[in-house]
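Notes follow once the structure below has been shown.
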Amino acid sequence: MKKTGLILGFVIVFALSIPKVAYANMAAPKDADIGSSVTFEKNEEISVISEVLDITVKGTKADIVATYKMRNTTSESVSTQSMFLSPNIETSGVQVVVNGKDTAFETESFALSYDTEIDTDDWQYAVLTNGESVSIDTERRVDSITFEMAFAPNEEYDVVVSYIYCLGGYPDYDFNAKDGRIEYYLAPAAMWKDFESLTINLYLDKDMPVISDSNLEFVKTGTRTYQFVSDTLPEDNLEIVIDENWYQNIFSTLRSPYLVMTLIMFSPFIIAAVVVVVIIICCLVKMKKRKKKPLE
């Protein structure tokens, strides 16, 4: 999977009323080893009528709220185990609300392999290991939120997953290297029976108010607010890079702790350039004076 920005995804895994352990390949392995993977199968009962994703950036973190309107398209009751995946979840801020009720959930963290790929016919998410080794490289980490949903025949209701997302990139810096990266896994939602509508609302703060790069085309709707709307699920996962505006970048560069070292390093070239400019100016001045001097 491509790396990104600011992220995340939601997948329904077939479980029905069968215990979770009978479907170990459909959730993150309890004791993963190299080459392990998480496999999600196509769900033929539950449809996504709409997904509204609200991403509110606050400094080095973002509040992310994913609201899904779900429908059981069958005339039978369906119990479904769900796994929501995202990089960089701060698990202390997780909340899951199913049909208006707070719902119990479990969280786990895994370190990603570098050859992770998505196959939408049999969506797989490869992991290396879980546990303490996850902290070795947070840029290649995925976190999971697992919970249960139960639908009555033809029932429709909202499912809300909210959490605090830790921005990738360099959001703590006060100088020009600063940027924030957000990644959200959209691809797993292809495993629903249907997916009808997606709206992404992005709210940036004053420290990084600009989208410098995004694989989806956002429209600016207000001061530091952007929106993406689609009646189809994008093929790629959401990847956003946010940054300072042009004048913030100038002041950040002046505050950079590397500015003095950089100036010293390039001082010979700077001095040489100044000397050349001075010489050129002197020559132009002399030529101008000669032209103005009257002939004897």
Problem - Residue within segment 203-212 that is modelled with pLDDT of 95 or more and outside any loop (DSSP other than H, G, I, E, B) present - result: yes
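Do you know which residues across segment 70-110 are within 18 Å of the chain's Cα centre (by Cα) and crowded, with 16+ Cβ neighbours inside 10 Å?
Those that are within 18 Å of the chain's Cα centre (by Cα) and crowded, with 16+ Cβ neighbours inside 10 Å: 83, 84, 85, 86, 87, 88, 89, 94, 109, 110.
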Completion exercise
Expected output for segment 171-194 (first residue under 13 Å from residue 61 (Cα atoms) and assigned to a strand (DSSP E or B), partner at pLDDT below 80 and of a type outside the set (A, V, I, L, M), Cβ below 6 Å, 6+ apart or cross-chain) is 181/5; 182/5; 183/4; 183/5
Exercise for the section: Just one of (1) in contact with a Phe, Trp or Tyr (Cβ under 8 Å, 6 or more places away or on another chain); (2) on the phi > 0 side of the Ramachandran plot trips up residue 169, so point out which. Expected result: (1)
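Within segment 158-186, restricting attention to residues that are of a type in the set (A, V, I, L, M) and closer than 23 Å to residue 72 by Cβ, which residue is surrounded by the most Cβ atoms within 10 Å (Cβ to Cβ)? If you could, list the steps in order and put the result at the bottom.
Here is the first cut: in segment 158-186, the residues of a type in the set (A, V, I, L, M) are 159-161, 164, 167, 177, 182, 186.
From what's left, closer than 23 Å to residue 72 by Cβ: 159-161, 186.
Values: 159: 23, 160: 17, 161: 23, 186: 25.
Of everything passing the filter in segment 158-186, 186 is surrounded by the most Cβ atoms within 10 Å (Cβ to Cβ).
The values are calculated or read from the model by the stated rules, or taken from the named source; none is laboratory data. Since this is a predicted model, take the numbers as computed values, not measurements. Every residue, glycine as well, gets a Cβ built from its backbone with ideal geometry; the counts of neighbours run over all protein chains shown.
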